[in-house]
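Colleague: The structure is given below, and queries will be raised subsequently.
Readers should treat all values here as calculations from the given coordinates under stated rules, not as data from a laboratory. Note that the structure is predicted; figures quoted are calculated from it, not measured. Note that each Cβ is placed from the backbone with ideal geometry, even for glycine, and that neighbours are counted across all protein chains shown.
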Amino acid sequence: MYKLLGVLCLFLFVQNEETITWDANTKLYWGNFQGEPERNSDAVAITASGITYGFSSKSYSNSSEIIEYTTSVVAQFYPKKSWYLKERVNDTVLGHEQLHFDITELHARKFRKRIKETKFTKNIKEELNKIYAEINISLQQMQNEYDNGSDYSRSYEGQIAWQKRVARELRKYKKYELPVK
């Protein structure tokens with residue numbers, strides 16, 4: 001028995017690399033998976049996705065408080081790092097891969113919520129990095145639970161249960177979704 005698919009979460013800042021930003025109205029299709037397949041892998045498809053963020057802040061030199069700050073948190077898919085084996089995939093596998101990307105968006109929303117709820121000091125960079133690290137640990141755990149719970153898309157019941165769970169969680173964090181452009 002082989003694993004049908006897997007996920008690679010990228011947690012590094014990636015510059016000058018083609019990305020697809022998560023959008024509720026846009027679903028992945030096999031043409032988005034442009035990476036070179038790993039023929040010796042147990043997986044038949046890999047979704048490379050991750051959360052990137054940036055920030056800027058202002059403060060007074062004589063204060064420990066941040067006067068104002070802006071942040072940007074984005075869930076992204078990396079086409080050149082994502083791949084599939086054309087002869088071994090189907091729509092079920094594509095749906096499974098989409099849900100990996102949706103789980104990344106869920107954690108981007110959780111990150112945005114944490115940022116909104118945090119009172120930052122002049123150590124905003126360290127404070128954001130700490131939250132980011134915690135979110136990424138949670139993201140990786142959920143991605144692994146999803147693969148196990150859906151048996152890498154082979155369990156129909158598991159896949160459906162995870163689709164419902166992620167949809168419910170995305171609705172719960174709806175107010176932390178990026179505005180549609």
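Colleague: Could you work out the local net charge near H107, counting Lys and Arg as +1, Asp and Glu as -1, over the other residues with Cβ closer than 14 Å to its Cβ?
Modeller: Residues near H107 contribute +1 overall.
Colleague: So which residue, out of D42, D23, D102, gets the largest mean-square fluctuation from a GNM of the chain using Cα contacts under 10 Å as springs?
Modeller: D42
Colleague: Shape of the range 6-176 from its Cα gyration tensor (a ≥ b ≥ c, root eigenvalues): rounded if a/c is under 1.5, otherwise prolate when a/b > b/c, or oblate?
Modeller: Taking the square roots of the gyration eigenvalues as a ≥ b ≥ c, the range 6-176 is prolate.
Colleague: Now, a different point. Can you compute 3J(HN,Hα) from phi for each residue in the range 87-96, using the Karplus curve 6.51 cos²θ - 1.76 cosθ + 1.60 with θ = phi - 60°, rounded to whole Hz and x for Gly and Pro?
Modeller: Karplus values, whole Hz, x for Gly and Pro: 6, 10, 10, 8, 5, 5, 5, 4, x, 5.
Colleague: In addition: Select from A167, A108, A75 the residue whose mean-square fluctuation is largest in a Gaussian network model of the chain (Cα-Cα springs shorter than 10 Å).
Modeller: Looking only at A167, A108, A75, the largest GNM fluctuation is found for A167.
Colleague: Distance in nm between label sites at E157 and A24, each 7 Å beyond Cα in the beta-carbon direction?
Modeller: It is 3.1 nm.
Colleague: Also, quick follow-up: Multiply the residue separation of E36 and A167 by 0.36 nm, subtract the distance between their alpha-carbon atoms, and state the gained length in nm to one decimal.
Modeller: 44.1 nm
Colleague: Pairs K119/K175; K130/K174; K81/K122: which exceed 28 Å Cα-Cα?
Modeller: K81/K122
Colleague: Once the other residues with Cβ under 15 Å from the Cβ of K81 are scored (Lys, Arg +1; Asp, Glu -1), what is the net sum?
Modeller: Around K81, the charge tally is -4.
Colleague: Near S56, within a Cβ-to-Cβ distance under 14 Å, what is the net charge of the other residues, with Lys and Arg +1 and Asp and Glu -1?
Modeller: Net charge in that neighbourhood comes out at +2.
Colleague: Something else about it: Can you run phi through the Karplus equation (6.51, -1.76, 1.60; θ = phi - 60°) for the range 107-122 and list ³J(HN,Hα) in whole Hz, with x for Gly and Pro?
Modeller: Values per residue, Gly and Pro as x: 6, 5, 5, 4, 5, 4, 5, 4, 4, 4, 8, 9, 9, 7, 10, 5 Hz.
Colleague: Further question: If you build a Gaussian network model of the chain, linking Cα atoms that sit under 10 Å apart, which residue out of Q140, Q163, Q34 swings the most?
Modeller: Of Q140, Q163, Q34, the Gaussian network model singles out Q34 as fluctuating most.
Colleague: Mind checking the angle between helix 124-149 and the chain's longest principal axis? C-alpha axes, 0 to 90 degrees, to the nearest 10.
Modeller: 20
Colleague: For S57 and Y69 in the same chain, what is the full-extension length gain: residue separation times 0.36 nm, less their Cα-Cα distance, in nm?
Modeller: Length gained between S57 and Y69: 3.9 nm.
Colleague: Amide H neighbours of S82 under 5 Å, at least 5 residues apart or on other chains, H built in the peptide plane: list them.
Modeller: Q34, G35, A48
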